[in-house]
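Derivation of every value follows stated rules applied to the coordinates shown; laboratory data play no part. Here the structure is a predicted model, which means the values were calculated and not measured. Ideal geometry is used to build each Cβ from the backbone, glycine not excepted, and the neighbour counts take in all protein chains shown.
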Amino acid sequence: MRMLVTGGAGFIGSNFVHHVVAHTDHQVTVLDALTYAGNRASLAGLPENRVRFVHGNITDAGLVDELFADTDAVVHYAAESHNDNSLHDPRPFLDTNIVGTYTLLEAARKHDVRLHHISTDEVYGDLELDDPQRFTDTTPYNPSSPYSSTKAGSDLLVRAWVRSFGVRATLSNCSNNYGPYQHVEKFIPRQITNVLRGIRPKLYGAGLNVRDWIHADDHSSAVLTVLEQGRIGETYLIGADGEKNNKDVVELILTLMDQPADAYDHVTDRAGHDLRYAIDSAKLRTELGWTPQYDDFDRGLAATIDWYRTNEHWWAPAKDATEAFYAERGQ
Ligand code: NAD
Ligand code: DAU
């Protein structure tokens with residue numbers, strides 16, 4: 001299969017490209033604009049006869065049209081992905097997440113190309129800490145931030161193009177990913193690299209917010225499963241039963257890195273901060289037979305810490321600017 005991966009130089013997209021090369025015979029073309037979040041080094045070492053890199057923007061209709069003409073399937077990861085950035089400057093989120101997804105949908109319609117759209121559990125809003133319900137594909141959309149509202153908008157565009165124009169698309173909404181190649185702006189890599197730099201980790205507010213963690217490699221296997229076996233027009237929620245509050249995660253990082261568990265600072269909370277996400281992935285597991293491989297968060301986190309320890313050349317160039325951005329906001 002000839003596969004086009006948008007955003008394949010980002011965190012989850014690059015993990016997916018590594019996964020596809022290791023587990024299939026597919027030929028991969030990566031389309032990535034190399035924004036601040038994209039990094040060609042995340043694709044280093046992959047065989048040139050399997051992976052081609054195209055530097056370009058998903059809003060460039062001419063380029064997208066050209067690439068779709070030579071593609072059997074598209075997996076669409078490219079997005080502006082960070083909530084804190086969306087609170088500071090929402091505009092790029094509208095351009096990439098909404099107009100970019102629209103541009104891909106029009107090309108998929110013209111060339112009748114199979115498309116899988118990657119989305120997030122944040123489209124469903126948040127849950128109370130004691131709510132026994134988890135998100136399913138019938139939970140009403142209720143996004144909170146500029147980021148999650150533009151992802152919700154992109155999901156609705158995909159659904160409309162399936163129904164109105166017969167585009168062969170599936171969708172998946174996944175919970176918080178961790179693993180190698182994640183930008184240092186995000187919670188887990190920020191705290192690990194803070195400790196490596198001798199900076200105290202920073203916890204927003206009281207740290208009671210819950211995220212449902214899944215290893216990026218498990219996200220990749222789930223996406224391949226949906227691409228190969230998913231029913232057109234369907235939405236599959238991806239999660240690995242990994243609910244933890246932020247305070248527990250920071251304390252675990254500190255303990256795994258041989259620091260006192262309380263050696264962190266509470267900082268200004270995120271505006272509109274979602275309290276809890278939780279995924280019910282029963283549909284994906286029972287209908288398509290998927291199961292996650294990383295069932296031990298502590299072990300997965302320890303391996304991720306090791307990766308950042310040995311790959312400082314990968315993350316160091318972004319660290320100072322990221323911390324300066326947060327410092328200006330008291331975070
Ligand atoms: P990321 O920010 O690490 O990577 C995004 C990639 O997209 C970068 O390589 C960037 O250069 C590229 N990109 C951005 N705008 C582009 C444009 N206009 N044209 C072409 N390329 C562009 O993001 P991520 O965390 O890897 O997230 C990838 C996808 O997965 C996103 O759609 C996100 O909404 C979704 N998602 C993320 C998580 C998570 O925990 N990180 C969870 C669920 C879903
Ligand atoms: O749920 C899926 C989403 O997970 C994805 O759609 C997003 O692309 C991805 O960025 C992630 O969103 P979050 O906002 O949950 O992730 P983030 O890593 O920014 O923050 C995780 C939690 O940690 C959140 O409750 C905010 C908190 N936090 C974050 C940072 C950067 C801190 O307490 N301190 C920090 O320094």
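State which residue is nearest to ligand 2 (Cβ to nearest atom) when the search covers only the stretch 223-246 and only residues that are surrounded by 17 or more Cβ atoms within 10 Å (Cβ to Cβ) and assigned to a helix (DSSP H, G or I).
That would be N246.
For the subset of the stretch 7-39 comprising residues that are within 12 Å of the chain's Cα centre (by Cα) and under 19 Å from E66 (Cα atoms), which member is farthest from ligand 1 (Cβ to nearest atom)?
If we take residues in the stretch 7-39 being within 12 Å of the chain's Cα centre (by Cα) and under 19 Å from E66 (Cα atoms), then G8 is farthest from ligand 1 (Cβ to nearest atom).
Can you tell me which residue is farthest from the chain's Cα centre (by Cα) among those in the stretch 198-236 that are acidic (D, E) and closer than 23 Å to G10 by Cβ?
Among those residues, the one meeting the criterion is E228.
With respect to Q259, determine if the residue is in contact (Cβ under 8 Å) with a residue 40 or more places away in the chain, polar (S, T, N, Q) and assigned to a loop (DSSP other than H, G, I, E, B).
For Q259, the condition - in contact (Cβ under 8 Å) with a residue 40 or more places away in the chain, polar (S, T, N, Q) and assigned to a loop (DSSP other than H, G, I, E, B) - is met.
Would you pick out the residues in the stretch 171-189 that are farther than 20 Å from P317 by Cβ, near ligand 2 (Cβ under 8 Å from one of its atoms) and not hydrophobic (A, V, I, L, M, F, W, C)?
Listed by number, the residues that qualify are S175, N176, N177.
Any idea which of (1) more than 14 Å from ligand 2 (Cβ to nearest atom); (2) farther than 29 Å from L129 by Cβ is the one P260 doesn't satisfy?
With respect to (1) more than 14 Å from ligand 2 (Cβ to nearest atom); (2) farther than 29 Å from L129 by Cβ, P260 is out only on (2).
Any chance you could count how many residues in the stretch 190-199 are within 11 Å of ligand 2 (Cβ to nearest atom) and of a type in the set (K, R)?
Adding up the residues that qualify gives 1.
State whether the residues of the stretch 287-299 include one that is within 16 Å of ligand 1 (Cβ to nearest atom), in contact with a Phe, Trp or Tyr (Cβ under 9 Å, 6 or more places away or on another chain) and under 27 Å from S149 (Cβ atoms).
No.
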